[in-house]
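The values are calculated or read from the model by the stated rules, or taken from the named source; none is laboratory data. Predicted, not measured: the structure shown is a model, and the values here were computed from it. Here the Cβ positions follow ideal geometry from the backbone for every residue, glycine too, while neighbour counts run over all protein chains shown. Only protein heavy atoms, including side chains, enter the accessible area calculation; ligands, DNA and RNA are left aside. Shrake-Rupley method; radii C 1.70, N 1.55, O 1.52, S 1.80 Å.
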Amino acid sequence: MEKAKAAEEEAKQVLDDYRAQLAEARTEAARLRQEAQEQGAAMVVEMRAEGERSSGERSLLPAHAQVEADRQAAAASLRQDVGQLAIDLADRIVGESMKDSARQERTIDRFPRRARGQAGRHHEG
């Protein structure tokens, strides 16, 4: 009976640790998203100012294309950072390496969807 209670306490502690690590990962992912959005907005402002300064010399189309390319690069970088956080967290939780690239890709692809789904449920509640 004592062993079962000790095992239950240990499982609760592991679950609490997991939840804390997951909360940290979500906070970091939110910070990275916010940072990417702020950088994107700053780039747009900068590119618009550049476009206004040289509007007589060139079209805004290349500037818009550059902003979009920068936005996509920032999104890809953010996805990679969040994916690495998910893999690091999974390594700690599962207790085994997630170095298998196929396993990493599945984890990277699932983690943001799950995080958005759980964030949506927290906002609805």
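Cβ-Cβ contacts under 9 Å between residues 6 or more apart (or on different chains), taken from a first residue in the range 73-91 that is over 15 Å from Glu35 (Cβ atoms) and assigned to a helix (DSSP H, G or I) to a second residue that is modelled with pLDDT under 80 and charged (D, E, K, R), are listed as Gly83/Glu105; Gly83/Asp109; Ala86/Arg110; Ile87/Lys99; Ile87/Arg103; Ala90/Glu96; Ala90/Arg103; Asp91/Lys99. Identify, please: which residue in the range 87-112 is open to solvent by 60 Å² or more (accessible area, probe 1.4 Å) and of a type in the set (A, V, I, L, M, F, W, C) and is, among those, modelled with the lowest pLDDT? Ranking the candidates gives Val94 first.
Residues that are farther than 22 Å from Gln84 by Cα and of a type in the set (Gly, Ala, Ser) were ranked within the range 1-39; the one that is farthest from the chain's Cα centre (by Cα) is Ala4.
Per-residue answers, yes or no, for (1) surrounded by fewer than 12 Cβ atoms within 10 Å (Cβ to Cβ); (2) at pLDDT 85 or above:
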residue: Lys3; (1), (2): yes, no
residue: Ala20; (1), (2): yes, yes
residue: Gly40; (1), (2): no, no
residue: Pro62; (1), (2): yes, no
residue: Arg71; (1), (2): no, yes
residue: Leu85; (1), (2): no, no
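Looking only at the range 22-38, residues that are open to solvent by less than 100 Å² (accessible area, probe 1.4 Å) and free of Cβ contacts under 8 Å to residues at least 60 places away in the same chain come to 8 in all. Exactly one residue out of Glu10, Glu57 is at pLDDT below 90, assigned to a helix (DSSP H, G or I), at negative phi and not hydroxyl-bearing (Ser, Thr, Tyr): that is Glu10.
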